[in-house]
Amino acid sequence: MRIKIYTRNDCVQCHATKRAMESRGFTFELINLDQHPEAEDDLREKGYRQLPVVVTDQESWSGFRPDMINRLRPQVHA
């Protein structure tokens with residue numbers, strides 16, 4: 001499963017999301033809006049108004065959402 005997390009340097013909820021993902025063994029791509037401000041317009045067009053924004057293959061959400069993180073299942077390779 002591919003996971004992208006859109007974040008900023010000074011975002012407490014972003015840091016909490018990153019720690020929760022790491023503690024569950026997920027790998028993810030971080031897109032820092034401080035370094036890539038062009039991505040912010042795309043997120044706003046999609047209706048997101050809060051960071052972090054987490055995008056997986058099946059779903060997406062914004063904010064620190066332990067409930068959503070706990071629902072994610074690592075992909076099992078056969």
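The values are calculated or read from the model by the stated rules, or taken from the named source; none is laboratory data. Every value quoted in this text rests on a predicted model; they were computed, and no experiment measured them. Virtual Cβ from ideal backbone geometry, glycine too; neighbours counted across all protein chains shown.
Condition check: out of contact with any helix residue (DSSP H, G or I) (no Cβ under 9 Å at 6 or more places or on another chain), surrounded by fewer than 17 Cβ atoms within 10 Å (Cβ to Cβ) and not hydroxyl-bearing (Ser, Thr, Tyr). Does residue 47 satisfy that?
Details: out of contact with any helix residue (DSSP H, G or I) (no Cβ under 9 Å at 6 or more places or on another chain): yes; surrounded by fewer than 17 Cβ atoms within 10 Å (Cβ to Cβ): yes; not hydroxyl-bearing (Ser, Thr, Tyr): yes.
Yes.
Quick test of your reading of the structure: residue 65 fulfils all but one of (1) crowded, with 17+ Cβ neighbours inside 10 Å; (2) in contact with a helix residue (DSSP H, G or I) (Cβ under 9 Å, 6 or more places away or on another chain); (3) not hydrophobic (A, V, I, L, M, F, W, C). Name the failing condition by number.
(1)
Given the structure, is residue 57 modelled with pLDDT of 95 or more, charged (D, E, K, R) and surrounded by fewer than 16 Cβ atoms within 10 Å (Cβ to Cβ)? Quick ask: steps written out before the conclusion?
Details: modelled with pLDDT of 95 or more: no; charged (D, E, K, R): yes; surrounded by fewer than 16 Cβ atoms within 10 Å (Cβ to Cβ): yes.
So residue 57 does not fit the description; no.
If I go through the range 48-69 residue by residue, how many of them are aliphatic (A, V, I, L, M) and assigned to a loop (DSSP other than H, G, I, E, B)? Write out each step before concluding.
Pass one, the range 48-69, residues aliphatic (A, V, I, L, M): 51, 53-55, 68-69.
Those left that are additionally assigned to a loop (DSSP other than H, G, I, E, B): 51.
Final tally of qualifying residues: 1.
What's the number of the only condition in (1) free of Cβ contacts under 8 Å to residues at least 12 places away in the same chain; (2) under 14 Å from the mean Cα position of the chain (by Cα); (3) outside any strand (DSSP E or B) that residue 39 fails to meet?
So the condition that residue 39 fails would be (1).
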